[in-house]
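No value in this document is a laboratory result; all are computed from the given coordinates. The shown structure was predicted, so the numbers you read here are calculated from the model rather than taken from an experiment. Cβ: placed from backbone, ideal geometry, glycine included. Neighbour counts: every protein chain shown.
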Amino acid sequence: MSIKSDIWIEKMAREQGMIEPFVSGQKRAGMISFGTSSYGYDIRVADEFKIFTNVNSTVVDPKHFDDASFVEFRGAVCTIPPNSFALARSVEYIRMPRNVTGMVLGKSTYARCGIVTNFTPLEAGWEGHITIEISNTTPLPARIYANEGLAQVLFFESDEECRVSYADRKGKYQGQKGITLPKL
């Protein structure tokens, strides 16, 4: 298994629609960077957010998730309350080839501000918008800038295809669009 370069990422995006919309090179003029990097692709966060709230005193239960635990927000700048979190999604729609898996890591610009992003792997055969959990670990409100970089995807290609892909298993998050809440 090998990590893939910007040249491979651009080829896969253009020829197989692996990343849509795709931005070649890093864009950063007055923004948190996004687009291709040396060995990855920096995804952007969309302008739609679900900010966690405790107004209903609900218990967070992944088997019986109550979407009333969130306040929906749409805008250029999302403010996450202290010691709280929000869900968001990537601008980019990703299509993983059968012999590629992706690891998503938060950008250091946000990490240095106490803002942590949590992701799961992008499995071979999976496609959709990436649902992103953004935690504000600080005692202060934190800003997230829509349509700017939030995380980097690293792509790892195997020399053989997997026996059963995420699509073959009919994974519950296959083809997700928008912010997708937990499912059983």
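Observations
- Near Lys50, once Lys and Arg are set to +1 and Asp and Glu to -1 for all other residues with Cβ below 14 Å from its Cβ, the sum equals -4.
- Rg over Rh, two decimals, segment 67-112 (C-alpha only, Kirkwood Rh): 1.04
- Per DSSP, loop trypsin sites (Lys or Arg not before Pro) in segment 32-74 with at most 12 further Cβ within 10 Å: Lys63
- As a rough footprinting exposure proxy, the listed residues Leu184, Leu150 were ranked by other beta carbons within 10 Å of their own, and the order from fewest upward is Leu184, Leu150.
- Environment charge at Met18 (Cβ cut-off 15 Å; Lys +1, Arg +1, Asp -1, Glu -1): -4
- Among the listed pairs Lys11/Lys50; Lys11/Lys63; Lys27/Lys183; Lys50/Lys170; Lys27/Lys63, a Cα-Cα separation exceeding 28 Å is found for Lys11/Lys50; Lys11/Lys63; Lys27/Lys183; Lys27/Lys63.
- The residues neighbouring Phe34, those whose beta-carbon lies less than 10 Å from its own, together hold a net charge of +1 under the Lys/Arg +1, Asp/Glu -1 convention.
- Rounded to the nearest 500, the 222 nm mean residue ellipticity of the chain from helices alone is -2000 deg cm²/dmol, with -39,500 (n - 2.57) taken per DSSP H run of at least 4 residues.
- Residue order, fewest to most surrounding Cβ atoms within 10 angstrom, among Val91, Val164: Val164, Val91
- Taking Cα atoms only, the orientation of helix 6-16 departs from the longest principal axis of the chain by about 90 degrees.
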